[in-house]
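The values are calculated or read from the model by the stated rules, or taken from the named source; none is laboratory data. Just so it is clear, the model here is predicted, and its values are computed rather than measured. Here the Cβ positions follow ideal geometry from the backbone for every residue, glycine too, while neighbour counts run over all protein chains shown. The accessibility values were calculated without ligands, DNA or RNA, using every heavy atom of the protein model including side chains. Shrake-Rupley method; radii C 1.70, N 1.55, O 1.52, S 1.80 Å.
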Amino acid sequence: MNFKERKNLLEGKQQVHLLRFLDQLNDDEKQILFSQIDAVDWGFEQAFHNDKKKEDTMIEEIDALHLDKIQADSERYRSIGLQAIKEGKLCLLLLAGGQGTRLGFDKPKGCFNVGITKELYIFQLLIEHTLDIVRAADAWIPLYIMTSNINYQDTVTFFEAHDYFGYNPAYVHFFVQELNPATDFNGKILLKSKYELALSPNGNGGWFGSMVKAGLLEDIHARGIKWINVFAVDNCLQRIADPMFVGATIAYGCESGAKVVRKAAPDEKVGVLCTEDGRPSIAEYYEMTEEMATARKENGDLKYGFGVILNYLFSEKKLEEIADAHMPIHVVEKKIPYVDENGTPVKPEQPNGYKFETLVLDMVHMMEDCVPYEVVREREFAPIKNLHGVDSLDSARELMRGCGIEL
Ligand code: UTP
């Protein structure tokens, strides 16, 4: 893009203020500013014109594959799943590009030490668990790790410094997710400095596109991978590459599976699996009316009673089919440091603008079907979002102790 084209573009998008300090910049700074402007994915603008609401769609309950049914078929599911893993059809996709702002830890969340008497890192827990499956299947499982450009180097260095916790490095690939600009409440992109846009990771929904951009699709094809198990970094009891979950999804002939737990209370802040206009979908807790959150079946169970724990299995073929489809953009209010019109840096105490994210949970709605696979909350769900209180280091440690994990 030449200067005139860039200026026209910004004028058309009412973002020409980004060039406000141009006269004060040296050549290097100008280049940084121009390259950041040229790289903007303007898809975020869609968030300001999103008028399709959940209220406009037909939401219906969906029943999970219950624990007792899973138990009854456990041998069959396990053998189907293990066979798929042995044949190299499964890979793992670790979402580790988040900023972990609520935890307030300035390194990648996976580098957090949850141990008390010994070192026990979140990445280590995930790897050690996967190693159990690797041994059972007698096959390495490719692991792709998505970082942001902010935490990429720290993540790679951490794995190298710990010898990948015993994993085979030939089966580990890191890649970087894209960034989105952050705006003020009027949709004007904020400047972090006179020559840099305020950018933040674009959410956990863009992972497949970022993987393709990183050239990893060739690797997926070359290895013959058919299933991708996507999961969050911050669940210390996350059971990934779970042969029974893989086996059940294959046995049901579905395009996806989602691990779910029974909601602890009607107002628990988890997204619930449901159907939306006949397709699988996830209703976020803040999208649910009180009536929906508290509705019960005849047997007293909550109608929308199964919460997702960010552990999904997707058919790789289907992901390629939907790769170009637009995903909804979610708007999150945030405190965004910026420079004001005089070029003075401001560190806001209160949210002053928006960041824009796509979310992996919206991928579920792009699938024809999904197996809601129930798991035992105390065994598989110990997220660390905060230091104390709900979904915290304290609660995760208690749950880990309950599973016999020595801290
Ligand atoms: P969260 O929604 O908890 O976000 O991420 P976060 O950034 O880690 O934490 P807060 O909200 O700032 O406190 C859920 C999962 O999605 C990943 C995270 O790393 C985590 O595994 N994620 C989130 C990404 O990979 N990229 C993103 O842009 C956002």
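Picking from 229, 235, which residue would you name as being within 14 Å of the ligand (Cβ to nearest atom), open to solvent by less than 10 Å² (accessible area, probe 1.4 Å) and touching a Pro at 6+ places or on another chain (Cβ under 6 Å)?
235 is the lone residue from the list that is within 14 Å of the ligand (Cβ to nearest atom), open to solvent by less than 10 Å² (accessible area, probe 1.4 Å) and touching a Pro at 6+ places or on another chain (Cβ under 6 Å).
Considering region 288-313 alone, what residues qualify as being surrounded by fewer than 16 Cβ atoms within 10 Å (Cβ to Cβ) and of a type in the set (S, T, N, Q)?
289, 294, 299 - these are the residues of region 288-313 that are surrounded by fewer than 16 Cβ atoms within 10 Å (Cβ to Cβ) and of a type in the set (S, T, N, Q).
Determine which member of the set 52, 69 is modelled with pLDDT under 90, more than 16 Å from the ligand (Cβ to nearest atom) and closer than 30 Å to residue 276 by Cα.
When all the criteria are applied, what remains is 52.
In the list 163, 184, which residue meets the criterion of being under 30 Å from residue 31 (Cα atoms) and surrounded by fewer than 18 Cβ atoms within 10 Å (Cβ to Cβ)?
Exactly one of 163, 184 is under 30 Å from residue 31 (Cα atoms) and surrounded by fewer than 18 Cβ atoms within 10 Å (Cβ to Cβ), namely 184.
With the condition kept exactly as written, say whether any residue in region 19-34 is open to solvent by 60 Å² or more (accessible area, probe 1.4 Å) and under 26 Å from the mean Cα position of the chain (by Cα).
No, that holds for no residue.
Of the conditions (1) in a helix (DSSP H, G or I); (2) over 24 Å from the mean Cα position of the chain (by Cα), residue 116 satisfies every one except a single condition; which number is it?
(1)
Output the residues belonging to region 238-287 that are open to solvent by 10 Å² or more (accessible area, probe 1.4 Å), modelled with pLDDT of 95 or more and aliphatic (A, V, I, L, M).
Passing the criteria: 244, 250, 251.
Is at least one residue of region 149-167 within 12 Å of the ligand (Cβ to nearest atom), of a type outside the set (Phe, Trp, Tyr) and at positive phi?
No, region 149-167 has no match at all.
Within region 119-138, how many residues turn out to be open to solvent by less than 20 Å² (accessible area, probe 1.4 Å) and either outside any helix (DSSP H, G or I) or farther than 25 Å from residue 397 by Cβ (or both)?
3
With region 319-407 as the region, which helices (runs of 4 or more DSSP H) entirely inside it contain at least 1 residues that are open to solvent by 50 Å² or more (accessible area, probe 1.4 Å), modelled with pLDDT of 95 or more and basic (Lys, Arg)?
Correct list: 377-380, 393-402.
Of all residues in region 1-41, which are touching a residue at least 60 places away in the same chain (Cβ under 8 Å) and in a helix (DSSP H, G or I)?
Once the filter is applied, which keeps residues that are touching a residue at least 60 places away in the same chain (Cβ under 8 Å) and in a helix (DSSP H, G or I), region 1-41 yields 17, 18, 24, 29, 30, 32, 33, 36, 37.
Check 286, 373 and return the single one that is within 14 Å of the ligand (Cβ to nearest atom) and of a type in the set (Phe, Trp, Tyr).
Exactly one residue qualifies, and that residue is 286.
Go through (1) away from the ligand (no atom under 16 Å from the Cβ); (2) over 25 Å from residue 380 (Cα atoms) for residue 243 and report which single condition fails.
The one condition residue 243 does not meet is (2).
Identify, by number, the condition in (1) within 15 Å of the ligand (Cβ to nearest atom); (2) more than 30 Å from residue 244 (Cβ to Cβ); (3) touching a strand residue (DSSP E or B) at 6+ places or on another chain (Cβ under 7 Å) that residue 101 doesn't meet.
Of the numbered conditions (1) within 15 Å of the ligand (Cβ to nearest atom); (2) more than 30 Å from residue 244 (Cβ to Cβ); (3) touching a strand residue (DSSP E or B) at 6+ places or on another chain (Cβ under 7 Å), the odd one out for residue 101 is (3).
Inside region 70-99, can you point out the residues that are buried (at least 21 other Cβ atoms within 10 Å of the Cβ) and at positive phi?
Of everything in region 70-99, nothing turns out to be buried (at least 21 other Cβ atoms within 10 Å of the Cβ) and at positive phi.
Identify all residues within region 55-91 that are assigned to a strand (DSSP E or B) and either aliphatic (A, V, I, L, M) or closer than 10 Å to residue 247 by Cβ (or both); write none if there are none.
Within region 55-91, 59, 65, 90 qualify.
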